[in-house]
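Here, each number is a calculation from the coordinates, and none is a lab measurement. Predicted, not measured: the structure shown is a model, and the values here were computed from it. We place every Cβ from the backbone using ideal geometry, glycine too, and count neighbours over all the protein chains shown.
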Amino acid sequence: MGIKRKRDAAWSDLGTDISECILRRLGFVDILRFKRACSWWFSVAESYMSSSCYRPCFQTPWLLLPPPDHQEEKADKGGERSRSLCFFNLDEKKEYRDVCLCGEVFEGRCVGSSHGWLVLLDRTANLIVFNPFCGARIQLVSLKEGGLKLLDDVDAFSGGKKYKDCRAFVSKAVLMSDHIGKKKNKDKDGVVLIYGVEGEGRYGTKMNKLAFCMFKDKDKYGRFIDLDGSYERYDDVICYDDVVCAISSYGFVEVWDFSGSSPTKVMNMRSSLPRLKAIEFAISSRQVCSWFHFYLVESCGELLSVVRVVADFVYVDADGKSVGDRDGDNNKPKSHIYQTSMFYVFRLDLHQKEWVEMDSLGDQVVFLGGNQSISLRAEDCPGCLNNSIYFTDSSWEEADENHSSRGHDMGYYNLRDRSVKPFYHSRCYKMKPTPIWVLPNPW
């Protein structure tokens, strides 16, 4: 007579107390993997992370990378593309491909990142706000239903030849609240866009506008509404403390107050940043073709403007050797590389209504790119150097151009020694879509 053996217990039969005891000993990445094991573990982890027992440690922002098949620019005609998100952990210098899955949600391109949430836009102009760490999602109305002034050319969203990438119409999207979906902040939930039409190439005409959509009142705010911006070109927008701040491509700043029933413009500062003329002269004296990009970031209660100087003067052949600035046969560049060369930082003096240049960020670390710009304490960002700016490539409008090194203009700039150094190396030809910073947030 054989010995009867108890059937092996399923991992899903673990009690809540034992599961939470395990969770208390896991780091953030391992908790994400724990959630993916089965539906029971997912619910236990969600309950634990939303309870007072969970004490999240500070997380260094992760870098959202394009899937491997996008990085290598290989057409996937025989099968489906991977829907698993790929992140680079700046602290551990490791890539993670198994901690988050978007499934059918990740059909569009990421046009923004705020507080751990991604803003995705597909080719039919539909927007989805999605948290890859907890799986929550918010479906927004289509941009084409909003009556926005600069969206007459709807062919751009159907794969038209002129605009192969839907991000030709949305250059940045940021969220208006840092606790999306929470009851105490629900009336403040919304998204702000910089949208419009990109010209032919970097030096062509470029018009864009600001628009917003609140989640609270679908009858009044269910559609995107244009903000009354005074300028035709905007580089960046941020949201904090119930205000929306935008900076134009000329360095002018506008601020709207969203604490009331409708947005009210409370500032329109046309004071240009100091030293820009001197910077322009220094660049021209080198006979280098360069351009500026302006960013806004809230840091320690102050509004900062960060000026990014990008040089576009290196032309290489297929072997990576310099061939001068033009191809002698047809007077066109063979393959050029643009590269960030320096940054300048200014803080806003609210009393004098002027910008004051800063020589140091102190113990702060700034993260710039396609994300909502953020400033964090260096001690809360393991693996990062203080007094530095970590940046990603934000030249989205050129992602479809037939040039190498697209998406590779990444690194960190130290204000102490004015140096630019890499933090991530990729062997791919072109990174499309360009990487973007994401602050891990389980809620």
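Values computed for the structure shown
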quantity: FRET efficiency for Y250 and F42, using Cβ-Cβ distance with R0 set to 35 Å, rounded to 0.05; calculated: 0.10
quantity: Neighbourhood charge, 12 Å Cβ-Cβ cut-off, centred on V306 and excluding it, Lys, Arg +1 and Asp, Glu -1; calculated: -2
quantity: 13 Å beta-carbon shell around E379, net charge (K/R +1, D/E -1); calculated: -2
quantity: Simple label model, 7 Å out from Cα along Cβ direction - R233 to D417, nm; calculated: 3.5 nm
quantity: When each of K94/K144; K265/K421; K144/K265 is checked by Cα-Cα distance, pairs over 29 Å; calculated: K94/K144; K265/K421
